[in-house]
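*Asks:* One structure, pasted below without further comment.
The values are calculated or read from the model by the stated rules, or taken from the named source; none is laboratory data. Please read all numbers here as calculations on a predicted model, not as lab measurements. Glycine gets a Cβ as well: all are built from the backbone with ideal geometry, and neighbour counts include every protein chain shown.
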């Protein structure tokens with residue numbers, strides 16, 4: 001049986017990123033979360049989704065518990081930034097990100113996950129454009 005807590009963990013993102021000089025990465029992440037939440041709510045409201053009311057109610061309940069939200073909450077509020085201070089740490093985090101769908105049992109190999117940059121590293125067609133490291 002699914003609970004309200006499940007939705008909070010359905011939408012998360014692991015990424016290696018940096019902001020251009022003069023921009024704060026935390027602001028970019030905040031705006032990304034805000035924009036994607038609005039777009040997903042629109043899709044739920046406008047598509048013939050059988051769980052529409054259930055999804056919107058869960059998101060509204062979580063939004064009501066958060067002073068920073070006016071309506072719905074889709075993403076967790078916190079971020080867990082890790083300084084990538086060496087090539088070894090970068091490789092470790094990249095391997096973790098690529099192996100996440102494997103550990104979750106979604107795919108057998110990292111490059112099989114359609115939305116993973118592992119595809120870029122294997123020179124396979126990729127949905128998401130990325131800059132590969134090293």
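*Asks:* Please go through the range 65-91 and pick out each residue that is at pLDDT 85 or above and surrounded by 13 or more Cβ atoms within 10 Å (Cβ to Cβ).
*Replies:* Across the range 65-91, the qualifying residues are 72, 73, 74, 75, 84, 90, 91.
*Asks:* Give me the residue from the range 86-113 that is out of contact with any helix residue (DSSP H, G or I) (no Cβ under 9 Å at 6 or more places or on another chain) and not in a helix (DSSP H, G or I) and, out of that set, nearest to residue 12 (Cα to Cα).
*Replies:* Result: 104.
*Asks:* Further, regarding this structure: Of everything in the range 25-51, what is surrounded by fewer than 14 Cβ atoms within 10 Å (Cβ to Cβ) and in contact with a helix residue (DSSP H, G or I) (Cβ under 8 Å, 6 or more places away or on another chain)? Give them in sequence order.
*Replies:* 45, 49
*Asks:* Collect the residues in the range 92-111 that are within 16 Å of the chain's Cα centre (by Cα), closer than 27 Å to residue 26 by Cβ and exposed (fewer than 14 other Cβ atoms within 10 Å of the Cβ), keeping them in residue-number order.
*Replies:* The answer is 96, 104.
*Asks:* Further, regarding this structure: When you look at residue 35, is it part of a helix (DSSP H, G or I), touching a residue at least 12 places away in the same chain (Cβ under 8 Å) and within 21 Å of the chain's Cα centre (by Cα), yes or no?
*Replies:* For residue 35, the condition - part of a helix (DSSP H, G or I), touching a residue at least 12 places away in the same chain (Cβ under 8 Å) and within 21 Å of the chain's Cα centre (by Cα) - is not met.
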